[in-house]
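Working notes for the structure below.
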Amino acid sequence: MARAHTAEATHTDGDGRGPSGFFSRRSGGGLRGLLGRGGGGMWRRGLVLAALVVLLALVFMLHSKIPNSIGNLGSLWETFLPWGGLLIVVLLALAALRRSATALVALLLPILVWVNLFGGLLTDKAKAGEGDLTVVTHNVNAENSNPSGTARDIAGTGADVVALEEVSGRQSGVYTKALAAKYPYHKLTGTVGLWSKYPMDDVRTVDIKMGWPRAMRATVDTPKGEVAVYVAHLPSVRVKFRAGFTAGQRDDSADALGDAIARDKTGKVVLLGDLNGTMNDRALAPITSQMRSAQGAAGSGFGFTWPASFPMARIDQIMVKGVEPVSARTLSATGSDHLPIAASLKLTD
């Protein structure tokens, strides 16, 4: 009797009326069940998957509304926002595997939103002609094992003005000596420095609320007039399991730097530096709301700068106010974990 009862139970499951049969026939089982209904035509399959597609489109469109109150989640998403496009590829593959027409059609929404956000970066926006001032900025990395080689690479760019960040005390002499021949005017403040072919005055430290100098300002007297040049290295950010995206100190420094730039009376302003944030990060709004990105205005591609071995974000920036970018580009790797960037700027109307 016991064996007969077991066989009957097995038969019931296999007939689709027991728990196992219900899962395999009604929900599809495994990944198939997760992605949508197993039965029906191609328009009824993958309804859950289609919902995920719509959700992705919403987090693209409403990225600025994602709260920072929990681990600065909004800033973390905005830092790597372009890479969200990979999620579209994954969902496309799943929709094709699921043969879900509903999910495939729904994918048009996040694709259109992504293209609207970043499609303009994929074209070359460099303008015809030459600029009046070429600038370069580079986080040279305090642990750089070849500072002299990095200095030679930077000097070889032919830039008129060079900004360096994360210059350690033991390596500062190397950079000063290597750049002296081409840049007779220079000032090193804390771990940031500015080297120029043209005279500089009104050189001063900018307080970005860190307790030690990591930002400075100078007026550079170019042949086309005076330009206020800021150099800044904002505090680093970290992604921690319990604390989330720890960017509080960076955000406070961004507020202070943005305030200093807003109060500057010079008509032409250039900001060079490692801001440890992208143009999409709403935490940098005190700066980005009043300045233009040279890469965004006159570059080609995303211009990712970090990490140098596999760049995933553009946290090194050249921004301008009252100045027209002519071209912008990312330069070849040096001994640093960041890539240097350059821009050609037009100072006259």
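State which residue pairs qualify: first residue in a strand (DSSP E or B) and inside segment 126-147, second residue aromatic (Phe, Trp, Tyr) and modelled with pLDDT of 95 or more in any location, beta carbons under 9 Å apart, and separation of 6 or more residues or different chains.
Partner pairs satisfying both residue conditions: Leu133/Tyr198; Asn139/Trp306.
Out of the helices (runs of 4 or more DSSP H) lying entirely within segment 9-79, which hold 3 or more residues that are modelled with pLDDT of 80 or more? Give the derivation first.
Values: elements: 19-26, 30-35, 47-61, 73-79.
The helices (runs of 4 or more DSSP H) meeting that bar are 47-61, 73-79.
Can you pull out every residue in segment 155-174 that is in contact with a Ser or Thr (Cβ under 8 Å, 6 or more places away or on another chain) and not small (Gly, Ala, Ser)?
Result: Thr157, Asp160, Val161, Val162, Leu164, Glu165, Glu166, Val167, Val174.
Whether any residue in segment 267-279 is assigned to a helix (DSSP H, G or I) and either under 17 Å from Arg314 (Cβ atoms) or assigned by TED's automatic domain parsing to the domain that holds Thr330 (or both) is what I want to check.
Quick first cut of segment 267-279, residues assigned to a helix (DSSP H, G or I) only: none.
Checked segment 267-279: no residue is assigned to a helix (DSSP H, G or I) and either under 17 Å from Arg314 (Cβ atoms) or assigned by TED's automatic domain parsing to the domain that holds Thr330 (or both).
Would you mention how many residues in segment 159-181 are assigned to a loop (DSSP other than H, G, I, E, B), touching a strand residue (DSSP E or B) at 6+ places or on another chain (Cβ under 8 Å) and under 21 Å from Thr222 (Cβ atoms)?
Residues flagged as assigned to a loop (DSSP other than H, G, I, E, B), touching a strand residue (DSSP E or B) at 6+ places or on another chain (Cβ under 8 Å) and under 21 Å from Thr222 (Cβ atoms) within segment 159-181 amount to 3.
Determine whether Gly84 is surrounded by fewer than 22 Cβ atoms within 10 Å (Cβ to Cβ) and on the phi > 0 side of the Ramachandran plot. Give the steps one after another, and end with the answer.
Numbers: surrounded by fewer than 22 Cβ atoms within 10 Å (Cβ to Cβ): yes; on the phi > 0 side of the Ramachandran plot: no.
When the stated conditions are applied, Gly84 does not pass them.
Given the residues Leu345, Leu339, Leu331, which is the only one that is closer than 18 Å to Gly158 by Cβ, touching a Leu at 6+ places or on another chain (Cβ under 7 Å) and surrounded by fewer than 19 Cβ atoms within 10 Å (Cβ to Cβ)?
Within the list Leu345, Leu339, Leu331, the selection yields Leu331.
Any chance segment 223-239 includes a residue that's part of a strand (DSSP E or B) and at pLDDT below 95?
Yes, the conditions are met somewhere in segment 223-239.
The values are calculated or read from the model by the stated rules, or taken from the named source; none is laboratory data. Because the structure is predicted, anything quoted here is derived from the model rather than measured. We place every Cβ from the backbone using ideal geometry, glycine too, and count neighbours over all the protein chains shown.
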